[in-house]
Each structure stands twice: as structure tokens, then as C-alpha cells.
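Heads up, the thing below is written out as C-alpha cells.
The values are calculated or read from the model by the stated rules, or taken from the named source; none is laboratory data. Quick caveat, the model's predicted, so the values are computed rather than measured. Neighbour counts run over all protein chains shown; Cβ positions are idealised from the backbone, glycine included. Keep in mind that these areas ignore ligands, DNA and RNA; they rest on the heavy atoms of the full protein, side chains included. Shrake-Rupley method; radii C 1.70, N 1.55, O 1.52, S 1.80 Å.
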Amino acid sequence: MSVTPNTSSSRDYDVVIVGGGAAGTAAALTLARYTGLRIALLEKRLFDDYRAGETVSSSIFSMLDFLGVGRDLLDGAQLPAFSHAAAWGSAELTSREAVFSSHGHGLHLDRRQYDAILLDQARLADVALLRPAQLVRLEHGDPWRLRVASEGQETDLTARYLIDCSGKQAVIVRQRKRPIHTEDSLVALYAYYQLDAPQFLPHRTLVETTQHGWYYAAPLPGDRVALAFITDADILKRLRLKEAAPWREAGMGTRHVGDILARLPAPSAVRHYAIHSRVASLPADENWTAAGDAAACFDPISSLGIGQAMASGIHAARVAEAFLAGDRGMAAGYRRSVFAAFETYLQMRRGFYGAEQRWREAPFWQRRSAS
Ligand SMILES: Cc1cc2nc3c(=O)[nH]c(=O)nc-3n(C[C@H](O)[C@H](O)[C@H](O)COP(=O)(O)OP(=O)(O)OC[C@H]3O[C@@H](n4cnc5c(N)ncnc54)[C@H](O)[C@@H]3O)c2cc1C
């Protein structure tokens, strides 16, 4: 277990953050850079496998500046996303070039590297990083009591405040039995390709609809490509697309993604992710909160996931700081803002799906126009 001690060697912390993804690292860096609180972060994985979620808008740049993470640190973990093309609402592709946007270009990230860089920045900012660490026991109280296991050793920690940044697992949200509203049963089937340069690489993000859902292709740093099909869990089951061969065959039947697939080798496997849109009801008066996917998850068509996770991690850090200083009002405001962001997202989602009228009668599209 790698444990970087704070100035005191005690395992009593002001804030413990569970999960070291986009939300957890943003919360940890905010607290480390802007408060004098003692912070620990638990991450159960070593990031030795692919991590999903890769396309972000330019909105993350100002947050990285706030977190004190220089953009040069991301070299090798990012590719500029200059161009986006979509066959959405029509069989023809419509392109959007970032060079004509006042917001500038977004990024395609190698999430494994990106998350590791941010975790390392948190460690260097004096956050006690426990990794790989499993939560064995979690007892609510003031303080919280945690038992953490790693490589056969168990350690006891206390925390005056907890931030649940454990992603979809939402370990504390579930442990505290908070209500979770789930909006759909969206799933993604991803194939990742590692190509030997100078093989073919798509140069832009591509999205294309079918009556059963939509395809997504994006270049990734390090001569890699991500190609995904997004649909509902029941449709996936009915179409039997879980295996690599039928998944590829269905994709080859599309006009634009089919062109890309034809130039890529057959994938050995496809990865299955549940990406249901959902929002949790967070407490307004307890010594914990949640951020990122643990608080709210979004359809990847919105490209909101990573940016919202970082923004909510920063916000949750402020809530923790205020709570520990005796101000309970901020938690109520944060709880409302999570719901408000989800409402705005649902309207945006309706707009996206409403722009595709060709498959109006198909269940996938009908469900989204009706919701
Ligand atoms: C298939 C797919 C495609 C996506 N595409 C995009 C996209 O193009 N653009 C975009 O912006 N977003 C996208 N997203 C969403 C984006 O990846 C997430 O919104 C974002 O990663 C959320 O960050 P997070 O920190 O909340 O959760 P995560 O990044 O999931 O991090 C949670 C961390 O908590 C750790 N953890 C969990 N349980 C425990 C525990 N008990 N103890 C310790 N650690 C624990 C996990 O190991 C993990 O590292 C996509 C998601 C998926 C699944």
C-alpha cells in the first residue's frame, strides 16, 4: 500500500475521499491547495486497465488551472479534439470544427494516464494517498470510522467528513441508503484498438445513429482508437450484440462507422459498460456528500461526465470545508445544484435525441422523446 503521510503521522483525517477518478482528484486538490485540512484519498485500483470516458470540452482547462495542474503535465495523455462529425438526423455527415469556435478545442484523453497524473498531483500536494485500498468497514458517526485493506494489511482511519467519489459504485450513497433516481438503462459496448503507427487512425470524433442507438468513434493518444455502440440494455440483449463478431458485423452495416471498422482489425473482445442516467438525493445536514458519477451520471452524448465530475468534486470540497467550519447551508445549496444540473441535462438530452426523427417509431428513440 502506498501511504504518503501528512505532517502528522496519525490516521485521523479531516476529510477522506473515496475514489481517485476525475471527481476525487478535483476534490482532493481543491482541499489540499486552498485549505489547511488533513486529507486522505482511497483508490482501490492501480489503473492498469483501460478506463472509459475520453472526450472532453475545453471547459476542463479553467478547472485544471484552478487545481494547479499545468497543461504541460498532460503531454502524452491527450490529443486535441479539433473536429467532430455527426450523421445525426440525416445520413449525411455534418462537421463542426473547433477552430471556428470561441471556446477552442476539447481533448481526447488517455483516461488511465490522465487520472494517474491527477492522483500524483494530489499526492505531491500532501494528500495521503492509499492505493490500492479496499474499504473493509465503514461506520457512520462523528467521526466516521473506516477500515481499509491492502495487500493483506488492515488499517483504521477516522474522518470528520467523507466525500463519496467512488463513481457508479456510489459506495457511501448506497451505504446511507439515499434515494437514487434512474432515468434509463443505457449501455455502451466498446472496442479499443491499439494500432501500430503509421496505420490508419480516424482524425476526428464521429457519431452516427441507427434505429437501435448510436455509434461513436474517437482517436486516442498513443495510436489508439475507441469505437462504441450505445443502446438500451434490453435492445442489446435482443440483438445479441454482446460478442465481438456480431458487434462488428452490425457496425459494418453502417455507412460512416462501417468505413472505419472496415479499416480496423476485428476486435478480440468488446467491453460492456452500464451508463444509465441517474441522480442521487444527497444529504443536506450530514457529515458526508458525493461528487461525480456517485452523485449524478449522464448520457455520453452530452460529453458532460468528466467536466461535471471535476466541477462537482471542486464544489463538494467547498461543502466539506464549510461543514467543518460550522456552516451547514452550503450542503443544501450543493444538493439543489446537483438536481438543477441534472434537470438541465435532461432538457439537453431531449434536444439531442429530438433532432433525430428518422427512427421515431423505434423503441430506443421513442423512449427518449417521450421522457
Ligand atoms: C463507456 C463510457 C463512456 C464515457 N464517455 C465519456 C465522454 O466521452 N466524455 C465524458 O466527459 N465522460 C464520459 N463518460 C463519463 C465519465 O467517464 C465519468 O462521468 C467520469 O469518469 C466520472 O468521474 P468520477 O470520478 O465520478 O468516477 P470514476 O472516474 O469512475 O472514478 C471513481 C473511482 O473510484 C474508485 N472506487 C470505486 N469504489 C471504490 C472503493 N470502494 N474504494 C476506493 N476506491 C473506489 C474507482 O476505482 C475509480 O477509480 C463515459 C463513461 C463511460 C462508462
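FRET efficiency for the GLN357 to HIS140 pair, using the beta carbon distance and R₀ = 35 Å, is estimated at 0.10. For the peptides 75-82, 173-180, residues were scored by their other Cβ atoms within 10 Å and the scores averaged per peptide; the highest-first order is 75-82, 173-180. Relative to one another, the C-alpha centroids of segment 38-83 and segment 215-251 are positioned 24 Å apart. Taken one residue at a time, the phi angles of segment 345-356 give Karplus couplings (6.51, -1.76, 1.60, θ = phi - 60°) of 4, 4, 5, 4, 4, 4, x, 4, 6, x, 6, 10 Hz. Gly and Pro are set to x. Rounded to the nearest 20 debye, the dipole magnitude of segment 275-371 is 400 debye, with +1 charges on Lys and Arg beta carbons, -1 on Asp and Glu beta carbons, and the Cα centre as origin.
Of all DSSP bridge pairs formed entirely within the chain, close to 75 percent run antiparallel. Highest average first, the peptides 49-59, 256-266, 350-360 ordered by how many other beta carbon atoms sit within 10 Å of their residues are 49-59, 256-266, 350-360.
Each peptide in 148-158, 184-194 gets a packing score, the mean of other Cβ atoms within 10 Å over its residues, and the list from highest to lowest is 184-194, 148-158.
Solvent-accessible area per residue in the chain equals 44 Å², computed with a 1.4 angstrom probe and all protein chains kept.
The C-alpha atoms of the chain define a longest principal axis, and helix 305-324 lies at about 20 degrees to it. Among GLY70, GLY213, GLY251, the residue with the largest mean-square fluctuation in a Gaussian network model of the chain, with springs joining Cα atoms closer than 10 Å, is GLY70. Dividing the radius of gyration of the alpha carbons in segment 186-274 by their Kirkwood radius gives 0.94 for Rg/Rh.
Working note: Karplus 6.51/-1.76/1.60 with θ = phi - 60° gives segment 227-243 the couplings 9, 9, 10, 10, 8, 8, 4, 5, 5, 4, 5, 5, 7, 6, 9, 6, 8 Hz, where Gly and Pro are set to x.
Of the residues ALA27, ALA322, ALA217, the one that moves most in a GNM of the chain with alpha-carbon contacts below 10 Å is ALA322. Assuming charge only on the beta carbon of Lys and Arg (+1) and of Asp and Glu (-1), the dipole of segment 197-252 about its Cα centre is about 80 debye to the nearest 20.
In sequence order, segment 157-162 has phi-based couplings of 10, 10, 9, 6, 8, 10 Hz under the Karplus curve 6.51 cos²θ - 1.76 cosθ + 1.60, θ = phi - 60°, and Gly or Pro positions carry x. Between ASP49 and GLN175, what is the label-point separation in nm under the 7 Å Cα-to-beta-carbon projection? Taking the two extended label points, one gets 2.3 nm. Size of the chain: Rg and Dmax of its alpha carbons, in Å, are 21.1, 63.
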